[in-house]
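Below is one structure, written out as structure tokens; the observations come after it.
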Amino acid sequence: MGEPGTKELLSLEELEASGGLRTGRKHVLSILVENKPGVLTRITGLFARRGFNIDTLTVGPTDDDQISRVTLTLDGALHPIDQVTKQLHKLVNVLKIRDLEPAETVARELALFKLAVDGASRAEVMQICEIFRGKVVDVSRRSIILEVTGTTDKIEAFERMVRPFGLVEMMRTGEIAISRGRGET
Amino acid sequence: MRAVDAVMECLKAEGVDVVFGLPGGANLPTYDAFVDAGIRHVLVRHEAGGGHAAEGYAKATGRVGVSLGTSGPGATNLVTPIVDAMMDSVPVVFLTGQVRTDLLGTDGFQEADTIGITMPAVKHSFMITDPLEIPRAIHEAFYLARSGRPGPVLVDVPVDLSRADIPYVPVSDVHLPGYQPTTEGNAKQIRQAAKALAAARRPVLYVGGGVVNAGGSAELRELAAADRFPVTCTLMALGAFPAPHPQWLGMLGMHGTRAANYAMDEADLICCIGARFDDRITGKLSEFAPRAKFIHIDVDPAEISKVIPAHIPIVGDAKAVLAKLVAEYRALGADSSRLEEWWQRIEGWRERHPLGYTDSADSEIRPQFMVQSLHKATGGNAIVTSDVGQHQMWTAQYYDFPEPRRWINSGGLGTMGFGLPAALGAKVGCPDETVVCIAGDGSVQMNMQEMATCTQEGIDIKVFIMNNGYLGMVRQWQELFWDGRYSQVDMGAHPDFVKLADAYGATGIRLTDKTTLVDDMRAALETPGPVLVDVRVTQEENVYPMISPGQAARDMVG
């Protein structure tokens with residue numbers, strides 16, 4: 001460097017842009033927040049304002065009563081995830097955000113299904129429920145309520161199986177997720 | 001002591017010498033505390049005026065501004081200044097009163113969900129639920145407002161809690177585990193940026209308000225001096241680099257110079273420092289700076305790669321990063337002669353397309369001439385505030401700002417009515433400076449009532465209304481893009497601004513003759529007390545050059 005014609009130390013052509021990338025897959029963000037009034041509104045308000053779509057959202061206590069955990073899932077095909085996490089980090093009450101790697105994460109969701117089944121189809125429904133390791137939590141003459149836990153895929157598969165029997169209602173909690181191994185999520 | 005007395009102690013501990021506000025039912029205890037607190041309180045006529053005054057104070061001094069309002073309408077009147085401060089990263093603490101805790105949520109008299117209404121527009125806010133939290137919340141509010149990327153912070157205090165008896169213990173530390181701004185910049189990235197600058201043959205330094213906020217103007221000048229880097233500033237950064245200067249290209253963006261916009265268009269490396277690629281800068285995004293690689297320096301990581309993916313992202317305070325970048329760059333010993341060709345190209349644009357206008361053949365005052373005259377009359381060294389519209393753009397173009405914090409305007413939000421109260425606040429913060437407001441005849445009427453504040457408090461500002469009888473920028477767009485179908489832009493029978501000034505106890509002057517304009521302006525500036533000058537200018541003049549909306553920079557018109 002220094003003399004004209006000497007080799008440049010860095011070539012501009014080789015620089016690559018970072019950020020703003022759409023990953024194209026589902027992301028599970030695990031967010032630790034201070035347990036203060038309005039925190040959830042700040043998060044959801046931020047998503048609405050920036051035009052980010054939340055697929056599922058769950059909030060619950062942690063082992064520290066000052067801190068809550070928000071688990072939310074969103075589609076990385078629609079949003080640049082780095083921009084989402086950077087905006088979330090700007091919220092003063094947000095302590096930590098982890099974008100969980102699917103391969104290194106255990107994710108579970110709970111769902112309740114109310115089906116309009118009577119004697120004729122009840123046995124068949126219960127059999128499907130057993131295959132999915134679900135539970136029967138309520139039965140009446142003309143209905144049955146089933147509880148299933150698992151990944152989103154499993155719950156969606158279960159829904160496809162039981163829908164033809166007469167699905168009255170379905171309720172899902174949205175996913176919670178925890179990282180595999182010894183380290184904290 | 002009463003919580004409100006503790007609030008006064010907090011304000012003093014934060015070095016607050018003045019606040020701008022208006023009392024009401026829910027902040028009566030606070031106003032009682034002001035009686036003995038020894039903190040100057042400027043009584044504004046509308047909370048929005050107080051909020052903008054606090055912004056003007058903050059922008060002129062670099063210190064945190066403070067603005068007060070009562071609950072309900074007091075707080076909702078503050079919404080515009082809050083959003084304005086958020087968009088332009090202005091450090092202001094807003095203290096609002098709230099109804100009694102037992103009335104919260106009952107639609108009590110003058111109750112509004114202040115926290116909810118302002119939530120999308122604050123850097124942070126505190127809803128006080130326990131009077132013991134008040135001192136810590138106030139100190140944290142100041143810390144948040146001024147650190148990292150500055151911004152508005154709101155503290156909402158129910159009136160019963162503000163009367164509670166609490167012990168005041170000075171708070172010397174702030175504990176915000178979720179808030180740790182990165183200021184220093186990654187050393188490796190800074191080295192990479194220096195190397196990229198040394199390799200660039202067509203570099204541009206694109207400078208934004210972040211440099212002003214960080215107090216990084218001296219470091220910017222050093223970087224520019226380290227080689228012959230061309231420099232352009234956004235509307236928010238004017239003065240961060242001195243105008244005129246051989247390396248100064250002028251402002252960029254929609255009404256920037258051709259030299260600045262063409263340089264961005266052809267650059268091979270753009271070093272963005274504390275700016276955010278606003279749509280008024282980029283024009284059509286897909287055609288913005290098509291050949292450029294980007295270094296992006298910003299204290300707010302979320303700005304980096306938000307609009308334009310950065311090749312070398314650097315999170316940090318502009319001042320700290322620039323200082324290191326200068327050292328790294330100097331160590332490389334780059335050869336300046338590589339920029340020769342680039343400068344020839346830039347000089348060509350400058351010669352072919354200087355800023356200019358056709359002056360009148362008679363005594364009529366062209367608006368651009370008015371700004372140039374005010375530059376002469378003030379020695380080019382006044383603090384200048386503006387409203388929003390044509391007069392703002394002409395001031396940005398023709399009042400060459402030599403230093404940062406001399407140009408105070410509403411950039412991001414574009415708030416009409418900002419200029420007069422901002423000038424009031426700037427003058428309170430900088431009593432020894434000449435403070436002028438260049439206002440539009442439309443805009444000025446939005447916060448005209450603050451003339452009364454100026455008179456009562458003896459705040460010596462000079463307001464120059466660029467009176468063209470129109471909502472001029474809207475008229476320009478209707479002329480250019482809506483087939484000249486003027487719709488609701490003619491201001492018709494204005495108030496007589498000279499009489500209006502008189503009614504407010506200020507001095508009113510009307511100027512219509514360009515031949516004596518500079519001298520007449522000097523006389524106005526030398527008149528003691530607040531002065532309102534009605535300058536009649538050409539009615540249908542357009543701001544040029546211009547990147548038409550949705551167009552690329554290289555297709556500038558005018």
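Taking other Cβ atoms within 10 Å as a rough exposure proxy, B:66, B:35, A:148, B:384 sort from fewest to most as B:35, A:148, B:66, B:384. Normalised by 2.2 N^0.38 Å, with N the number of residues, the alpha-carbon radius of gyration of region B:3-162 equals 0.91. Shape summary: region A:24-78 maps onto an equivalent ellipsoid whose semi-axes, from the alpha-carbon gyration tensor, are 22, 14, 6 Å in decreasing order.
Proximity of backbone amide H atoms, modeled 1.01 Å from N, is registered between residue A:174 and A:110 at under 5 Å, excluding neighbours fewer than 5 places apart on the same chain. Exposed loop sites, defined as trypsin sites (Lys or Arg not before Pro) outside DSSP H, G, I, E and B with at most 12 other Cβ atoms within 10 Å, are absent from the longest region of chain B, namely B:1-290. Using the Cβ-Cβ distance between residue B:287 and residue A:169 with R0 = 51 Å, the FRET efficiency computed as 1/(1 + (r/R0)^6) comes to roughly 0.50.
Fully extending the segment from residue B:225 to residue B:498, taken as 0.36 nm per residue of separation minus the present Cα-Cα distance, adds 93.5 nm.
The ranking of B:254, A:170, B:86 from fewest to most other beta carbons within 10 Å of each one's beta carbon is A:170, B:86, B:254. Charge tally around residue A:90: other residues with Cβ under 15 Å, Lys/Arg +1 each, Asp/Glu -1 each, net +4.
Here chain A is scanned for trypsin sites (Lys or Arg not before Pro) in DSSP loops (not H, G, I, E, B) that have at most 15 other Cβ atoms within 10 Å, and the longest stretch holding none of them is A:26-132.
Positive contributions from Lys and Arg (+1) and negative ones from Asp and Glu (-1), summed over other residues with Cβ under 15 Å from the Cβ of residue B:366, come out at -3. Binning the alpha carbon pair distances of chain B at 20 angstrom intervals from zero yields the distribution 22, 51, 26, 1, expressed in whole percent. Rounded, prolate or oblate: pick one for region A:108-179, where a ≥ b ≥ c are the square roots of the eigenvalues of its C-alpha gyration tensor, a/c under 1.5 means rounded, and failing that, prolate if a/b is larger than b/c, else oblate. Judged from the Cα gyration tensor, region A:108-179 comes out prolate (a/c at least 1.5, a/b above b/c). Taking max minus min of the alpha-carbon positions on each principal axis, region B:175-316 gives extents of 48, 32, 29 Å, largest first.
Per-residue 3J(HN,Hα) values for region B:202-212, derived from phi via the Karplus relation 6.51 cos²θ - 1.76 cosθ + 1.60 with θ = phi - 60°, read 9, x, 9, 8, 10, 10, x, x, x, 5, 5 Hz in sequence order (x marks Gly and Pro).
Counting only DSSP beta bridges whose two residues both lie in region B:187-352, roughly 0 percent are antiparallel. Here's how it looks for residue B:112: its modeled amide H is under 5 Å from those of B:72, B:99, which are all 5 or more places away or on a different chain.
Separation of region B:335-397 and region B:1-72, taken as the distance between their Cα centroids, equals 38 angstrom. Report the percentage of all Cα-Cα pairs in region B:122-181 whose separation exceeds 17 Å, rounded to a whole percent. That tail contains 40 percent of the Cα-Cα pairs.
Net charge in the neighbourhood of residue B:418 (other residues with Cβ under 9 Å of its Cβ; Lys, Arg +1, Asp, Glu -1) is -3. Among A:90/B:59; A:96/B:306; B:376/B:514, which pairs are too far apart, with a Cα-Cα distance over 19 Å? Checking Cα-Cα distances, A:90/B:59; A:96/B:306 exceed 19 Å. Among A:149, B:106, B:378, a tally of other beta-carbon atoms within 10 Å of each Cβ gives an order, fewest to most, of B:106, A:149, B:378.
Report Rg/Rh for the protein assembly as shown, rounded to two decimals, where Rg is the Cα radius of gyration and Rh the Kirkwood radius. Radius of gyration relative to Kirkwood radius: 1.03. So, R0 is 60 Å and r is the distance between the beta-carbons of residue A:48 and residue B:351; what FRET efficiency does that work out to, to 0.05? Efficiency at R0 = 60 Å is approximately 0.75. Taking θ as phi - 60° and the Karplus parameters 6.51, -1.76 and 1.60, the scalar couplings of region B:121-129 work out to 10, 10, 5, 6, 9, 10, 9, 7, 10 Hz in sequence order, x denoting glycine and proline. Just report the Cα centroid separation between region B:251-270 and region B:105-173, whole Å. Region B:251-270 and region B:105-173 have Cα centres separated by 43 Å.
Can you list residues whose amide H is under 5 Å from residue B:126's amide H, if they're 5+ apart or on another chain and H is modeled 1.01 Å from N? Amide H to amide H, under 5 Å and 5 or more residues apart or across chains, residue B:126 pairs with B:154, B:155, B:156. Coupling constants for region B:402-414 follow from the phi torsions by the Karplus curve (6.51 cos²θ - 1.76 cosθ + 1.60, θ = phi - 60°), and in residue order they are x, 9, x, 6, 9, 10, 10, 8, 9, x, x, 7, x Hz; glycine and proline get x.
When the convex hull of its Cα atoms is viewed from all sides, region B:29-79 shows a mean projected area of 3.9 nm².
Where both bridge residues fall in chain B, DSSP classifies roughly 5% of the beta bridges as antiparallel.
Taken together, the values in this text are just the output of simple stated rules run on the coordinates, not laboratory data. Keep in mind it's a predicted model, so treat the numbers as computed, not measured. Ideal geometry is used to build each Cβ from the backbone, glycine not excepted, and the neighbour counts take in all protein chains shown.
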